[in-house]
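Participant: Sharing a structure here in C-alpha cells format.
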Protein chains: 2
Amino acid sequence: MAIADRLKLDDKGLLGVIVQDCATREVLMFAHANPEAVEKTLSTGKAHYWSRSRKKLWLKGESSGHTQAVKEILIDCDGDCLIYRVEQKGGACHEGYRSCFFRRLEPSGGVEVVLKRVFDPKDVY
Amino acid sequence: MAIADRLKLDDKGLLGVIVQDCATREVLMFAHANPEAVEKTLSTGKAHYWSRSRKKLWLKGESSGHTQAVKEILIDCDGDCLIYRVEQKGGACHEGYRSCFFRRLEPSGGVEVVLKRVFDPKDVY
C-alpha cells in the first residue's frame, strides 16, 4: 500500500504529528504533515512537516540547525495521527527549550515553567 | 488568567491533546478538547475531551471503564496543544491496545504491529 493511502487527512489535507525523543520518550513538539512531508521524512530520515503559517514543506532545523533524525514512525488506529521518534539536535522549541511543552497549566489558569532553556533564541533565529 | 484565555483554538473551537502515561512517558492517544473539556479535566482530575464524531463532551472511559486520572497538564509555546499526563486504566485504544499508536509505519508503506493487545474489544464495547 502506498504511504499516502495509509494516512487519513483532515479537511486541509493534513494530519497531526507528535514528536517524541526516541530515548527518553519526552514529547518535544506537535506539528502537521501532508503525505509529501511523511514520504520525505521516510526517504531522508530527517523530520519534515507542513508549515501551516508559511504554507510550505518544512525541513525542521533548516534555519536553526536543530534537525531531527527520525528513527521510527508510528501510526495510530485511525491513521490520522503519527508519532515521529527522533534524535533532536539542540532544542525543538523556537523559544529555546528542548520541548515546546515547557509550561504546566494550573487549575487556577496560571502556568509554571517546568524546563530550563537550552539555547538563546536570539543566537539561533 | 482564565483557562480559556490560555488556549488557542482552531477554526472549530478545539485544540489538540496528546495523552501520555505519567510514569513511562508512553504516548497513549491523541484527541481534541474545547475549553469546557479542559476545565472539566482540571476540576475533576478525569480526562475529558470533545468528541468530533459525536459532537459532545466526552469523559474518556464512560462506556469502557478505561478512565484516565490526569496528574498534570502541560501547554505548548503556542497554546494550541496540550499534554495530559495520566494514569490509564486498561487500554486507551478502542482496538484493545494500551496505546492507539500500536503500529510502525515502514518506508514501503507497510505497517507492523509493535504492541500486544491488553483487552478484547468485544468484552468492553
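The values are calculated or read from the model by the stated rules, or taken from the named source; none is laboratory data. Please read all numbers here as calculations on a predicted model, not as lab measurements. Every residue, glycine among them, receives a Cβ derived from its backbone with ideal geometry; neighbour counts consider all protein chains shown. Accessible surface is based on the protein model in full, side chains and every heavy atom, while ligands, DNA and RNA are left aside. Shrake-Rupley method; radii C 1.70, N 1.55, O 1.52, S 1.80 Å.
Participant: I'd like the residue in the range B:91-112 that is farther than 17 Å from residue B:47 by Cβ and aliphatic (A, V, I, L, M) and, out of all such residues, is farthest from the chain's Cα centre (by Cα).
Facilitator: It comes out as B:111.
Participant: For the range A:25-53, enumerate the residues that are open to solvent by 10 Å² or more (accessible area, probe 1.4 Å) and either basic (Lys, Arg) or part of a loop (DSSP other than H, G, I, E, B) (or both).
Facilitator: Across the range A:25-53, the qualifying residues are A:25, A:26, A:34, A:40, A:45, A:46, A:52, A:53.
Participant: Please determine, by comparing only the residues of the range B:78-125 that are open to solvent by 10 Å² or more (accessible area, probe 1.4 Å), aliphatic (A, V, I, L, M) and not in a loop (DSSP other than H, G, I, E, B), which one is nearest to residue A:37 (Cα to Cα).
Facilitator: B:111
Participant: Within the range B:1-24, how many residues are in a loop (DSSP other than H, G, I, E, B) and either open to solvent by 80 Å² or more (accessible area, probe 1.4 Å) or touching a strand residue (DSSP E or B) at 6+ places or on another chain (Cβ under 8 Å) (or both)? Please lay out each step first, then the result.
Facilitator: At the first step, the residues of the range B:1-24 found to be in a loop (DSSP other than H, G, I, E, B) are B:1-2, B:7-14, B:22-24.
Among the residues that remain, those that are also either open to solvent by 80 Å² or more (accessible area, probe 1.4 Å) or touching a strand residue (DSSP E or B) at 6+ places or on another chain (Cβ under 8 Å) (or both) are: B:1, B:7-9, B:11-12, B:14, B:22-24.
Summing the residues that are in a loop (DSSP other than H, G, I, E, B) and either open to solvent by 80 Å² or more (accessible area, probe 1.4 Å) or touching a strand residue (DSSP E or B) at 6+ places or on another chain (Cβ under 8 Å) (or both) in the range B:1-24 gives 10.
Participant: List every residue pair whose Cβ atoms sit under 8 Å apart, with the two residues 6 or more apart in sequence or on different chains, where the first one lies in the range A:38-51 and is within 10 Å of chain B (Cβ to nearest Cβ) and the second, anywhere, is assigned to a strand (DSSP E or B) and aromatic (Phe, Trp, Tyr).
Facilitator: A:41/A:84
Participant: Going by the conditions given, is residue A:72 over 16 Å from residue B:82 (Cα atoms) and in contact (Cβ under 8 Å) with a residue 12 or more places away in the chain? I'd like the intermediate steps shown before the answer.
Facilitator: Numbers: over 16 Å from residue B:82 (Cα atoms): yes; in contact (Cβ under 8 Å) with a residue 12 or more places away in the chain: yes.
In short, yes.
Participant: So which residues in the range A:61-77 are open to solvent by less than 10 Å² (accessible area, probe 1.4 Å) and of a type in the set (D, E, K, R)?
Facilitator: Result: A:76, single match.
Participant: Moving on to the next point. Is there any pair with a first residue in the range A:96-109 that is more than 7 Å from chain B (Cβ to nearest Cβ) and a second that is part of a loop (DSSP other than H, G, I, E, B) and aromatic (Phe, Trp, Tyr) whose Cβ atoms are under 7 Å apart and which are 6 or more apart or on different chains, and what are they?
Facilitator: Partner pairs satisfying both residue conditions: A:96/A:119.
Participant: Can you confirm whether residue B:54 is free of Cβ contacts under 8 Å to residues at least 60 places away in the same chain, basic (Lys, Arg) and facing another protein chain (nearest Cβ under 10 Å)?
Facilitator: On the way: free of Cβ contacts under 8 Å to residues at least 60 places away in the same chain: yes; basic (Lys, Arg): yes; facing another protein chain (nearest Cβ under 10 Å): no.
Answer is no for this residue.
Participant: Sticking with this structure for a sec: For the range B:13-34, name all the residues that are free of Cβ contacts under 8 Å to residues at least 40 places away in the same chain and within 11 Å of chain A (Cβ to nearest Cβ). Outline the logic, then answer.
Facilitator: Looking only at the range B:13-34, we keep the residues that are free of Cβ contacts under 8 Å to residues at least 40 places away in the same chain, and these are B:13-14, B:24-25, B:31-32, B:34.
Matches in the range B:13-34: B:24, B:25, B:31, B:32.
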